[in-house]
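Chemist: I have a structure here, written as C-alpha cells, and I will follow up with some questions on it.
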Amino acid sequence: MPDFAAQISGVLGWRRRLTGILAGSLSALALAPVSAWPVMFFTLPVLVWLLDADAAARTGDTRRSPLIRAAKTGWCFGFGYFLAGLYWIGAAFFVEPDKFLWALPLAVMGVPAGLAIFYGTACGLAMLVWRPGGWRVLTLAVSFFAIEWVRGHIFTGFPWNSLGYSLAASDWLMQSASLVGAYGLTFIAVFIFASPAALFDAGRLVNRWAAPTLATVALVSMGVGGALRLSNATDDVAPGVKLRIVQGNIPQAEKWKPENRDWIFERYLRLSSENLPADVTHVIWPESSTPFLFAADEAIYDPAIAEAIKVAIPKGGSLVLGAERATTTTDANAQRIMTGVYNTLFVLSDEARIEARYDKMHLVPFGEYLPFPEFFRWLGAKHLTHHAIGFQAGALRAPIATKAAPPFSPLICYEIIFPGAVMPGVGAAGWMLNLTNDAWFGATSGPYQHLFQARVRAVEEGVPVVRAANTGISAVIDSYGRVIVQQSLNSSGIIDSALPVAISPPLYVWIRALGAMPLLLLMLTLYLMPLALAGGRKT
C-alpha cells in the first residue's frame, strides 16, 4: 500500500477516531445546499483505508476483532456525517428556549450518535466478507445500501440525507433515481466514491484499476443518460390549472401567541386575494397555516373564520391548506371535550365547505408525539408541539380530487422524504402536494435539504411536486426534478404557476412494484461474491 494510504490506515487511538469523524463531517459537504459531491472521492477512500486496518487486526482478542473495530470506525464516520448534516435540528430548540433549550445538546449530539449506529452496522457487515482488492468496495456499497433501507423503515424510519443524495447533486445525475431510486443511488454512490481506494492497493496494475474503471463508466453513463433524458423532456402543463402558492413567512416563535392570531390570518388572506388572476384555480397554504384550531370533527370550528376565508378562494376553485383538526365528544354536562388532534390537509370549496381532508400519517417522533410516552414523560421529555396531548396519526393516504386538476397525493412535512411511500398507487395521482412548515429550522441547511429530497421524489415517481412552505422553500418541481419556480427562504410572497404534467411511470416505480425480494437476492449475491471468489478461504 503506498505511503498515503498506509499513513491513513496506520492512524491509532484518538487520532484514528478523529480521522473517521472528520471524513464523515466533510462528506456532508456533498449535501444540499453546498452539493460539493466530488469531496466524496476523498472521504470514502479514507473510510476504506481505516477499514483495511481493521481487517488486519488480531482475531484472538475480541476487543480488537475486525468486526468490532470496523463497527467503531463506521460509527465515527457516521457520527461526523450526521453531526454536520443535521446540525440544524438544534434550531428548533430555540423557538421556546425556556421549555426546550436544556435538551439542545441531547438532540444535536444524541441524534447523530444514534444514527451513526446504522453506519457502524454497515461497516461491521462489510467486514464479515472483507477481502483485499476492489471487491471490498463493492461489499461496502451493498452493506450501506441494506443499512440505508433499514434506516428508512425501522422505528418509523428516518432516511434523511442517505448517502445516495450525494450522487444526485446535478440534474443529469439525479435522473438515475428514475431507474434505481434513492436507495439504489446509495449503492452506486458508495461504490463510485470509494473506488479510488483500490488505486493504492498492492498487486497487479489491472487489479488496481478494475473498480475505478467500472466506477468511471458508471458515472459517465449516469451523466450521459441523464442528459439524454432531460433533452427529451417537455414543458407540458395540465390544461386549465393555475396555482397560487402562498408563503406567509411566519416565525415559529410568533405563530401561536394569541395576540398574533389576527395579523397572521390576515396576511394569508391578503396574499391569497391580492391581484389574483382570473384563471387561478387553486390557492395553496402551507402546513399549520392558521394560528388556531381550524376544524372540529368535520366542520370549520369558527363560523366567522369560514366566512372570512372565502375571500381567499377563487370562484369555482379550491383552497388547499394545512391546519389543525380536533375530534371531540360531549360529556355529561354537555361540555365539548377534545379527544384527539390531527395535523391535517383540507380542501375547501369556494363556499368554504370542507370537500376533502387528509390527516398526516407519518408523525415526527418527539416533534409531534412521544414514542413510548410513559417512559419519556418519566424522563421529563416533551414533544415540541404546543398541544399537551400531541398529534394523532391518520389512517390512510388516498388521492384527493379537486375541480379542474388531476388528483394529487397529499404529503405533510417530512412525509415527502420516504422513497417509495409517497404515492397511493401507480398512476393514482397526477401530482404530489407537499405542505410543510420549515420555520422551526430558520436559515439553516435543513429547508434546502428538504426541498432537494422532494426533487428526487419527483424523479423517482415521474410526478411533479408542488411545495407550499411557511417560511420556504415553496416551489413547483416538474417530473424530472427541475425547479420551475421557487420562493426564497425566509421571505413572504406568492408563486403563480401552471401545474407540470406527470410522465409515464419510470422503471423504478415498476421495479418497486415487484417487491423487495429480487433486489435483495441480487444484493446478497454481490455481497457474498468476495467469499465465492476466494473459495471461502480467509486471507
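The values are calculated or read from the model by the stated rules, or taken from the named source; none is laboratory data. Just so it is clear, the model here is predicted, and its values are computed rather than measured. Note: ideal-geometry Cβ built from the backbone for every residue, glycine included; neighbour counts use all protein chains shown. Note: accessible area is taken over every heavy atom of the protein model, side chains too, but ligands, DNA and RNA are not part of it. Shrake-Rupley method; radii C 1.70, N 1.55, O 1.52, S 1.80 Å.
Chemist: Can you say whether Ile495 is open to solvent by less than 10 Å² (accessible area, probe 1.4 Å), part of a strand (DSSP E or B), modelled with pLDDT of 95 or more and not polar (S, T, N, Q), as far as the supplied structure shows?
Modeler: The answer is yes for Ile495.
Chemist: Kindly check whether there is at least one residue in region 499-519 that is assigned to a strand (DSSP E or B), open to solvent by less than 30 Å² (accessible area, probe 1.4 Å) and of a type outside the set (Phe, Trp, Tyr). Explain how you work it out, then say what you get.
Modeler: Filtering region 499-519 down to residues assigned to a strand (DSSP E or B) leaves 499-500.
Subset that is open to solvent by less than 30 Å² (accessible area, probe 1.4 Å): 499-500.
Now restrict to residues that are of a type outside the set (Phe, Trp, Tyr): 499-500.
Scanning region 499-519, I find at least one residue that is assigned to a strand (DSSP E or B), open to solvent by less than 30 Å² (accessible area, probe 1.4 Å) and of a type outside the set (Phe, Trp, Tyr), so the answer is yes.
Chemist: Additional query: Is it the case, given these coordinates, that Ser27 is out of contact with any helix residue (DSSP H, G or I) (no Cβ under 8 Å at 6 or more places or on another chain), at pLDDT 85 or above and not charged (D, E, K, R)?
Modeler: The answer is no for Ser27.
Chemist: Something else: Is it the case that region 432-439 has a residue that's within 17 Å of Gln487 (Cβ to Cβ), surrounded by 21 or more Cβ atoms within 10 Å (Cβ to Cβ), at pLDDT below 95 and hydrophobic (A, V, I, L, M, F, W, C)?
Modeler: Yes: one or more hits.
Chemist: Is one or more of the residues making up region 447-469 within 30 Å of Ala122 (Cα to Cα), of a type in the set (Ser, Thr, Tyr) and at pLDDT below 95?
Modeler: no
Chemist: Only one of (1) polar (S, T, N, Q); (2) surrounded by fewer than 19 Cβ atoms within 10 Å (Cβ to Cβ); (3) touching a Lys or Arg at 6+ places or on another chain (Cβ under 9 Å) fails for Ser178. Which number is that?
Modeler: Only one criterion is unmet by Ser178, namely (2).
Chemist: What's the total number of residues in region 253-280 that are in a helix (DSSP H, G or I) and touching a strand residue (DSSP E or B) at 6+ places or on another chain (Cβ under 8 Å)?
Modeler: Within region 253-280, residues that are in a helix (DSSP H, G or I) and touching a strand residue (DSSP E or B) at 6+ places or on another chain (Cβ under 8 Å) number 3.
Chemist: Since Ile154 meets every condition but one in (1) closer than 26 Å to Pro419 by Cβ; (2) touching a helix residue (DSSP H, G or I) at 6+ places or on another chain (Cβ under 8 Å); (3) open to solvent by 60 Å² or more (accessible area, probe 1.4 Å), which condition does it not meet?
Modeler: The single condition Ile154 does not satisfy is (2).
Chemist: Answer with yes or no whether Leu125 is outside any loop (DSSP other than H, G, I, E, B) and closer than 30 Å to Trp209 by Cβ.
Modeler: For Leu125, the condition - outside any loop (DSSP other than H, G, I, E, B) and closer than 30 Å to Trp209 by Cβ - is met.
Chemist: Within region 286-307, work out how many residues are closer than 21 Å to Arg244 by Cβ and in contact with a Ser or Thr (Cβ under 9 Å, 6 or more places away or on another chain).
Modeler: Of the residues in that region, 4 qualify.
Chemist: Also, I was wondering about something else. Pick from region 27-39 the residues that are aliphatic (A, V, I, L, M) and within 20 Å of the chain's Cα centre (by Cα): which of them is farthest from Gly85 (Cα to Cα)?
Modeler: Ala36
Chemist: Any idea which of Glu266, Glu287, Glu298 is open to solvent by 20 Å² or more (accessible area, probe 1.4 Å) and at pLDDT 95 or above?
Modeler: Details: Glu287 fails: open to solvent by 20 Å² or more (accessible area, probe 1.4 Å); Glu298 fails: at pLDDT 95 or above.
The conditions single out Glu266.
Chemist: Is there a residue in region 186-200 that is under 16 Å from Glu460 (Cβ atoms), surrounded by 24 or more Cβ atoms within 10 Å (Cβ to Cβ) and not aliphatic (A, V, I, L, M)?
Modeler: yes
Chemist: Hey, Asp235 hits all of (1) surrounded by fewer than 19 Cβ atoms within 10 Å (Cβ to Cβ); (2) part of a helix (DSSP H, G or I); (3) touching a residue at least 40 places away in the same chain (Cβ under 8 Å) but one; which does it fall short on?
Modeler: For Asp235, the failing item is (2).
Chemist: Only one of these is open to solvent by 40 Å² or more (accessible area, probe 1.4 Å), modelled with pLDDT of 90 or more and either in contact with a helix residue (DSSP H, G or I) (Cβ under 8 Å, 6 or more places away or on another chain) or over 21 Å from Ile89 (Cα atoms) (or both): Val111, Val137, Val142. Name it.
Modeler: Values: Val137 fails: open to solvent by 40 Å² or more (accessible area, probe 1.4 Å); Val142 fails: open to solvent by 40 Å² or more (accessible area, probe 1.4 Å).
On inspection, the qualifying residue turns out to be Val111.
Chemist: Something else: Filter region 444-460 down to residues that are open to solvent by 10 Å² or more (accessible area, probe 1.4 Å) and closer than 23 Å to Ser231 by Cα, then give me how many there are.
Modeler: Within region 444-460, residues that are open to solvent by 10 Å² or more (accessible area, probe 1.4 Å) and closer than 23 Å to Ser231 by Cα number 2.
Chemist: Still on this structure, please answer the following. Among the residues of region 239-252 satisfying the criterion of being touching a residue at least 12 places away in the same chain (Cβ under 8 Å) and either assigned to a helix (DSSP H, G or I) or more than 27 Å from the chain's Cα centre (by Cα) (or both), which is surrounded by the most Cβ atoms within 10 Å (Cβ to Cβ)?
Modeler: In this case the residue turns out to be Val241.
Chemist: Let me ask something else about it. Among what's in region 301-359 and is in a helix (DSSP H, G or I) and without any contact (Cβ under 8 Å) to a residue 12 or more places away in the chain, pick the residue that is most open to solvent (accessible area, probe 1.4 Å). Talk me through it step by step, then tell me what you get.
Modeler: Filtering region 301-359 for residues in a helix (DSSP H, G or I) gives 303-312.
Now restrict to residues that are without any contact (Cβ under 8 Å) to a residue 12 or more places away in the chain: 303-304.
Numbers: Pro303: 100, Ala304: 63 Å².
Taking the candidates together, the pick is Pro303.
Chemist: Leu22 fails exactly one of the following numbered conditions: (1) open to solvent by less than 60 Å² (accessible area, probe 1.4 Å); (2) modelled with pLDDT of 95 or more; (3) part of a helix (DSSP H, G or I); (4) of a type outside the set (Asp, Glu). What is the number of that condition?
Modeler: Of everything listed in (1) open to solvent by less than 60 Å² (accessible area, probe 1.4 Å); (2) modelled with pLDDT of 95 or more; (3) part of a helix (DSSP H, G or I); (4) of a type outside the set (Asp, Glu), Leu22 misses just condition (1).
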